[in-house]
Amino acid sequence: MSVPGHDDLALVERLRAGDEAAFSEVVRRYHEPMVRLASSFVPARAVAEEVAQDTWVAALRGLGRFEGRSSFRTWLFAILVNRAKTAGAREPRTVALEGPDGPGDERFTPGGAWAEPPAPWPDDVIERLVAPGLASRVLEVVATLPPAQRRVVTLRDVEGLESGEVCELLGLTEGNQRVLLHRGRTRVRQALAAELEEV
Amino acid sequence: MRVSTLWRRDLSCRDAVRLVTDYLEGALSASRRARFERHLGECDGCEEYLREMQLTVALLGRLEPTDVRPEALEALAGVFRAVMAEEQAEHDDRGDR
């Protein structure tokens with residue numbers, strides 16, 4: 001399995017030389033993740049598509065300024081986040097740690113023990129859930145997370161960025177990022193558990 | 001035995017569940033981490049919960065990128081050609097070529 005972003009530098013060189021095939025390749029890699037990330041800042045998918053397209057224009061024009069200090073992907077996402085914030089300016093800029101805190105405390109007895117322990121997941125759960133159809137269900141679940149949670153889960157867990165990169169991109173402290181990650185993952189796990197009960 | 005019971009009482013399942021992400025992120029102090037692990041060693045429910053959170057993270061990382069819609073690909077190819085032509089024109093204006 002290829003490490004995301006590891007061979008981007010070669011692609012950037014080809015982009016600078018005007019290689020359209022290299023552009024198709026980076027678009028295939030990053031356009032959908034960009035649209036999904038933008039969607040968490042703006043009200044409509046069509047606006048998110050526009051933001052992503054504008055980001056490509058800005059990135060192509062600014063290629064000369066890309067110095068490789070961050071990965072190409074992080075550089076691209078940073079341009080996108082700036083533009084998406086502007087496009088979604090009606091949303092408060094500060095990231096609220098929105099609640100509720102995933103599934104409530106009814107999972108636990110007043111003493112804090114499990115009221116009903118989680119049902120064990122089968123060992124082949126990944127194979128079952130990655131199957132076509134269910135994978136898109138997982139993305140749908142991520143799409144229903146509150147925006148700040150969705151951004152963090154998308155960047156950290158789906159795209160595999162480091163926590164430091166995500167904090168910088170989204171202007172979060174490490175602590176706030178962990179809270180958002182925790183809440184987002186908790187909800188996704190809960191949705192998966194519900195999904196597994198149905199299978 | 002008494003000591004470990006105390007440890008277990010010290011950290012409830014609710015506490016352990018709240019600490020799962022900090023644990024996975026390596027953000028717990030050594031002593032909290034030890035308490036967390038001690039609790040998990042004695043609690044099947046929390047051990048399973050940690051496993052399910054790890055599976056959730058693994059699963060999210062295994063999602064294949066969605067294909068870009070052909071229309072979007074087409075539009076972006078147009079964008080690429082336009083920007084490249086523009087850059088070339090600027091280049092020419094500056095008399096570099």
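Residues in the range A:127-162 that are surrounded by 15 or more Cβ atoms within 10 Å (Cβ to Cβ) and among the β-branched types (Val, Ile, Thr): A:Val130, A:Val138, A:Val141, A:Val142, A:Val152, A:Val153, A:Thr154, A:Val158. Annotation: of all residues in the range B:2-24 being surrounded by 12 or more Cβ atoms within 10 Å (Cβ to Cβ) and modelled with pLDDT under 50, the one that is farthest from B:Met53 (Cα to Cα) is B:Ser4. Taking the stated definitions as given, is B:His91 more than 28 Å from A:Arg128 (Cα to Cα), touching a residue at least 12 places away in the same chain (Cβ under 8 Å), in contact with a Lys or Arg (Cβ under 7 Å, 6 or more places away or on another chain) and more than 9 Å from chain A (Cβ to nearest Cβ)? Here the answer is no, as B:His91 does not meet what is asked. Among the residues of the range B:52-74, count how many are within 7 Å of another protein chain (Cβ to nearest Cβ) and either surrounded by 13 or more Cβ atoms within 10 Å (Cβ to Cβ) or under 19 Å from A:Arg45 (Cα atoms) (or both). Qualifying residue count, the range B:52-74: 16.
Whether a residue is surrounded by fewer than 16 Cβ atoms within 10 Å (Cβ to Cβ) and not assigned by TED's automatic domain parsing to the domain that holds A:Glu165 was assessed, and A:Arg73 does not pass this test. Looking across the range A:97-150, the residues that are at pLDDT below 75 and either in contact with a Gly (Cβ under 7 Å, 6 or more places away or on another chain) or part of a loop (DSSP other than H, G, I, E, B) (or both) come down to A:Leu97, A:Glu98, A:Gly99, A:Pro100, A:Asp101, A:Gly102, A:Pro103, A:Gly104, A:Ala131, A:Pro132, A:Gly133.
Only one of the listed residues (A:Glu165, A:Glu198) is within 16 Å of A:Phe77 (Cβ to Cβ), more than 11 Å from chain B (Cβ to nearest Cβ), among the acidic types (Asp, Glu) and surrounded by fewer than 23 Cβ atoms within 10 Å (Cβ to Cβ). That residue is A:Glu165. Taking the conditions exactly as written (closer than 30 Å to A:Gly64 by Cβ and at pLDDT below 90), does B:Asp93 satisfy them or not? Spelling it out, B:Asp93 is indeed closer than 30 Å to A:Gly64 by Cβ and at pLDDT below 90. Criterion applied to A:Arg150, A:Arg128, A:Arg185, A:Arg137 was being within 26 Å of A:His31 (Cα to Cα), in contact (Cβ under 8 Å) with a residue 60 or more places away in the chain and either of a type in the set (Lys, Arg) or within 9 Å of chain B (Cβ to nearest Cβ) (or both), and the one residue passing it is A:Arg150.
The values are calculated or read from the model by the stated rules, or taken from the named source; none is laboratory data. Please read these numbers as outputs of a predicted model, since none were measured by experiment. Positions of Cβ are backbone-derived with ideal geometry, glycine not excepted, and every protein chain shown enters the neighbour counts.
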